[in-house]
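Written out below as structure tokens is the structure these notes cover.
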Amino acid sequence: MPTKTATFAMGCFWSPDARFGSIPGVLRTRVGYTGGQLPDPSYSKLGDHTETVQLDYDPARLSYEELLQVFWTGHNPAKPVWGPQYMSAIFYQDPEQQELGKNSLEAQSMGGRFRFPTQLLPLGRFYLAEPYHQKHYLRRQTSLLKELSGLFPDDEMLLASTEAARINGSLAGFGEPAMLTTELAALPLPPHVMPRLVAVLQEYKRRGEL
């Protein structure tokens, strides 16, 4: 299956990772650091890099323009930020993404009538964030993650998993429950996982966390 990649910065990267991961057509998500000059950044030594989410998607099911809509609605691009860590940015990796990003930015600003600090920047090297930042909402559910260990037993398989992206998104309160159930039913999940996931989501809703 031919896939494409998109990279966005929308503040702290946990929520964008979950938001994009909940969307049908998005196949994989990961969070990391990009945009700066410091070699080999880490969360404790970020330098001039920005927290970003990167995703692989199926262009037959989802367009870059649709992803840009999620980018704009998924955060407040006008919010002032101090330094590059949490800035709003579209990182393009080819001329098509550059043009679409430029058009989208101009449309949002109504041709420059409104100004906000969102940047349109070429994608340089993307540094993968530490494992504890990946699929943050799923990692908080340690017992559920343990039950899923047979499906993705290591961090590399967790990042490559569509199932992990969907579950992480649902645990953050994104996506339509009916669509999630339908899509996950078609994936090779262990039979006990869906009841466990539903129970977790119901408990979150009962406590008003979703």
Return, ordered by residue number, the residues of region 55-91 whose backbone nitrogen is under 11 Å from a label point located 7 Å along Cα→Cβ of residue 103.
64-66
So if we plug the beta-carbon distance of residue 182 and residue 147 into 1/(1 + (r/R0)^6) with R0 = 22 Å, what FRET efficiency do we get, rounded to 0.05?
0.55
Going toward the positive end of the dipole of the chain, with +1 on Lys and Arg Cβ and -1 on Asp and Glu Cβ, which of 10, 90, 62 do you reach last?
10
Return the sequence-ordered ³J(HN,Hα) values of region 24-39 in whole Hz as given by the Karplus equation 6.51 cos²θ - 1.76 cosθ + 1.60 applied to θ = phi - 60°, using x for Gly and Pro.
x, x, 7, 9, 8, 9, 7, 10, x, 10, 7, x, x, 10, 5, x
Beta bridges per DSSP with both ends in the chain, % antiparallel, nearest 5:
85
Checking 84, 24, 95 against a Gaussian network model of the chain (alpha-carbon springs below 10 Å), the top fluctuating residue turns out to be 95
Under 18 Å from the Cα of residue 135 - aspartates and glutamates, other chains or at least 8 residues apart:
17, 51, 56, 147, 154, 155, 156, 163, 209
What is the sum of charges around residue 3, taking Lys and Arg as +1, Asp and Glu as -1, for the other residues whose C-beta is under 12 Å from the C-beta of residue 3?
+1
Measuring from the longest principal axis of the C-alpha atoms of the chain, the long axis of helix 193-206 (C-alpha) lies at a number of degrees, nearest 10, equal to 70
Segment residue 130-residue 96, length gained on full extension (0.36 nm per residue, minus Cα span)
9.2 nm
All other residues with a Cβ under 14 Å from the Cβ of residue 54 taken together, and with Lys, Arg as +1 and Asp, Glu as -1, what is their net charge?
+3
Inter-probe distance in nm under a simple model that places probes 7 Å from Cα toward Cβ, at residue 192 and residue 76
4.4
Here the net charge surrounding residue 101, from other residues whose Cβ is less than 15 Å away from its Cβ (Lys, Arg +1; Asp, Glu -1), is -4
Less than 17 Å apart at the alpha-carbon level, and either on another chain or at least 8 residues along: which aspartates and glutamates does that give for residue 102?
65, 66, 94
Between the Cα axis of helix 162-171 and the main Cα principal axis of the chain, the angle (0 to 90°, nearest 10) is 90
Against the longest alpha carbon principal axis of the chain, how many degrees, from 0 to 90 and to the nearest 10, is the axis of helix 95-108 turned?
80
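Only the coordinates and a few stated rules stand behind these numbers; no lab work does. All values derive from a computational prediction rather than experimental measurement. As a convention, Cβ positions derive from the backbone with ideal geometry for all residues, glycine included, and neighbour counts pool all protein chains shown.
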